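Worksheet: one structure, shown below.
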Amino acid sequence: MITRRLFLGASAVAMAPSAHGAGALVLGTRRELFVDRYLIERLSGATLRLAAPRREDPAMVLDRAWEGQFSNYVTVIRDGGEYRLYYRGLPDAGKDLSTSEVTCYATSKDGKHFTRPELGLYEVQGTRKNNVILAGTPPFQSNFSPMLDTRPGVKEEQRFKALAGSVKPGLAAYQSADGIHWKKMREEPVFTAGVFDSQNLAFWSETEQKYVMYFRTFKRFNGKGVRWISRTTSDDFVHWAAPDDMTFGDAPPEHMYVNQTHPYYRAPHIYIALAARFMPGRQVMSDEEAKSLGVNPGYYKDCADAVLLTSRGGTAYDRTFLEAFLRPGLGVENWVSRNNYPALNTVETGKDEISLYTLSNYGQPGTHLRRYSLGMDRFASVNAGYGGGELLTKAVTFSGSRLLLNYSTSAPGGIRTEIQDEGGTPIPGFTLADSVELIGDQIERAVRWKAGSDVSSLAGKAVRLRMVMKDADVFALRFG
């Protein structure tokens with residue numbers, strides 16, 4: 001596995017003087033995920049390891065006359081006890097930006113199986129008994145990408161917002177009170193400096209205190225165009241700043257078809273991006289296989305998977321992991337163009353579970369939305385094998401009285417934690433010899449020493465954490 005350590009903008013890194021010195025990371029009580037090297041000073045015999053989401057049953061088959069084989073660009077929003085699903089319906093190849101393209105809506109109570117309400121808003125394919133929320137207005141309703149606006153004080157009629165559009169004339173801004181009935185915030189486009197020929201998204205950033213938009217552009221490398229991601233910000237969702245290209249450190253340039261960047265709801269200062277990595281010309285399926293499966297002739301000579309990108313604000317993506325987060329999987333039907341494109345957002349679907357979704361069987365019969373599940377916060381981990389390993393963090397300050405870990409071990413495995421001062425000297429009472437070994441598999445459990453779990457005497461002081469691990473993973477930590 002290759003790791004990348006990237007520059008993080010000043011707005012993304014919380015650093016301040018502490019009681020024992022300057023330059024410590026200020027954690028407070030916020031949750032930190034090991035999806036990058038932000039907390040890590042040194043790993044010895046341990047590595048950062050990407051998670052493997054579990055493949056679950058399909059969440060919805062897109063088989064209505066107004067949906068079909070070229071449905072795509074999915075968004076899942078959890079709104080209280082309801083899950084809202086938005087997606088493009090498109091039964092015919094190459095008919096996007098035409099009246100054949102519609103925007104559809106479905107709902108779920110568990111995030112695992114979605115149903116279509118009969119809304120009756122538009123007549124499509126000869127019927128109003130459908131779940132279509134936008135139709136007949138290309139290109140402004142194309143590539144529709146909604147958000148639930150979490151900005152404090154947002155007006156009720158603007159509780160939901162969306163971007164939609166394409167290369168010409170640009171992106172339109174929409175608003176809605178109920179997420180079903182939409183109207184433009186103004187007639188003219190709100191942003192035009194992009195390519196936009198896929199899903200272009202925005203959200204309110206609690207950390208940056210702005211609306212942030214991530215959208216499709218192209219960059220040239222060695223004379224060839226590569227699908228790229230750019231970014232802009234806004235105070236009001238209508239007036240957007242001059243855009244910036246995102247950077248990927250020293251990762252090789254690869255086609256990113258959709259980026260699906262969103263603030264992770266349990267650690268909103270960390271943006272999770274489940275991006276579709278498109279590989280043009282990498283053909284797996286033979287002509288004979290394509291014909292037997294009914295794949296559209298224009299959609300099986302490329303393939304795609306999904307990769308995990310992260311950001312802490314600003315114009316830098318961290319590509320700690322170059323490997324696929326979701327491989328296409330068994331079955332040649334999964335190795336077609338524009339298959340495996342992730343939906344926007346990860347959502348909680350169980351006590352200790354989050355779910356993500358991909359579009360499967362693209363361009364062929366049986367197109368459907370596939371659900372994958374993960375343990376809560378478990379996108380990646382610091383992992384040590386049976387031979388053991390160690391993690392040493394950078395100097396941090398914290399608030400609270402306990403150190404809480406999200407971790408997993410084998411039966412003979414375990415984790416012992418030492419707290420050191422800023423200079424690396426073990427603090428009496430919190431040494432490795434004092435540590436009570438953690439074993440098991442829990443989303444959140446307090447670290448203990450012989451005297452107990454109370455670390456409040458160290459709050460506000462610059463300290464380092466040393467974890468000695470055997471056959472174990474640490475996914476996340478927080479103080480509280």
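Rundown of residues vs (1) more than 29 Å from V212 (Cβ to Cβ); (2) outside any loop (DSSP other than H, G, I, E, B); (3) modelled with pLDDT of 95 or more, yes/no style:
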position: V76; (1), (2), (3): no, yes, yes
position: R88; (1), (2), (3): no, yes, yes
position: A106; (1), (2), (3): no, yes, yes
position: D110; (1), (2), (3): yes, no, yes
position: L134; (1), (2), (3): no, yes, yes
position: T137; (1), (2), (3): no, no, no
position: P146; (1), (2), (3): no, yes, yes
position: R151; (1), (2), (3): no, no, yes
(request) Quick one: count up the residues across the range 413-456 that are among the aliphatic types (A, V, I, L, M) and free of Cβ contacts under 8 Å to residues at least 12 places away in the same chain. (result) 1
(request) Please state which of the following conditions S381 fails to meet, knowing it meets all the rest: (1) surrounded by fewer than 22 Cβ atoms within 10 Å (Cβ to Cβ); (2) over 30 Å from Y105 (Cα atoms). (result) (1)
(message) Please go through the range 385-404 and give me each residue that is under 18 Å from D36 (Cβ atoms) and of a type in the set (A, V, I, L, M), ordered by number.
(response) L391, L392, A395, V396
(message) I'd like the residue in the range 115-155 that is charged (D, E, K, R) and under 25 Å from A202 (Cβ atoms) and, out of all such residues, is surrounded by the fewest Cβ atoms within 10 Å (Cβ to Cβ).
(response) K155
(request) Would you confirm whether any residue within the range 160-169 is polar (S, T, N, Q), assigned to a strand (DSSP E or B) and modelled with pLDDT under 95? (result) yes
(request) Kindly indicate whether any position in the range 184-197 is surrounded by 18 or more Cβ atoms within 10 Å (Cβ to Cβ), polar (S, T, N, Q) and out of contact with any Asp or Glu (no Cβ under 7 Å at 6 or more places or on another chain). (result) no
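Residue-by-condition table, conditions (1) under 29 Å from M147 (Cα atoms); (2) modelled with pLDDT of 95 or more; (3) in a loop (DSSP other than H, G, I, E, B):
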| residue | (1), (2), (3) |
| --- | --- |
| I2 | no, no, yes |
| G9 | yes, no, yes |
| Y38 | yes, yes, yes |
| A52 | yes, yes, yes |
| A65 | yes, yes, yes |
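Condition check ((1) aliphatic (A, V, I, L, M); (2) assigned to a strand (DSSP E or B); (3) in the same structural domain as F215 (by TED's automatic domain parsing)) across all residues:
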| position | (1), (2), (3) |
| --- | --- |
| D236 | no, no, yes |
| G249 | no, no, yes |
| V258 | yes, no, yes |
| H269 | no, yes, yes |
| A273 | yes, yes, yes |
| F278 | no, yes, yes |
| E289 | no, no, yes |
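Yes/no per residue for (1) modelled with pLDDT of 95 or more; (2) touching a Phe, Trp or Tyr at 6+ places or on another chain (Cβ under 8 Å); (3) not aliphatic (A, V, I, L, M):
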position: R319; (1), (2), (3): yes, yes, yes
position: V332; (1), (2), (3): yes, no, no
position: V347; (1), (2), (3): yes, yes, no
position: S373; (1), (2), (3): yes, no, yes
position: R378; (1), (2), (3): yes, yes, yes
(request) Answer yes or no as to whether T232 is in the same structural domain as F144 (by TED's automatic domain parsing), out of contact with any helix residue (DSSP H, G or I) (no Cβ under 6 Å at 6 or more places or on another chain) and buried (at least 17 other Cβ atoms within 10 Å of the Cβ). (result) yes
(request) Look at L405 and say whether it is in contact (Cβ under 8 Å) with a residue 40 or more places away in the chain and buried (at least 19 other Cβ atoms within 10 Å of the Cβ). (result) yes
(request) Kindly establish whether I427 is buried (at least 21 other Cβ atoms within 10 Å of the Cβ) and touching a strand residue (DSSP E or B) at 6+ places or on another chain (Cβ under 7 Å). (result) no
(message) Only one of P263, P243 is more than 30 Å from I354 (Cα to Cα) and either surrounded by 13 or more Cβ atoms within 10 Å (Cβ to Cβ) or assigned by TED's automatic domain parsing to the domain that holds F160 (or both). Can you tell me which?
(response) P243
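The values are calculated or read from the model by the stated rules, or taken from the named source; none is laboratory data. None of the values given here were measured: they were computed from a predicted structure. Neighbour counts are summed over all protein chains in view; Cβ atoms, including those assigned to glycine, are modelled from backbone coordinates with ideal geometry.
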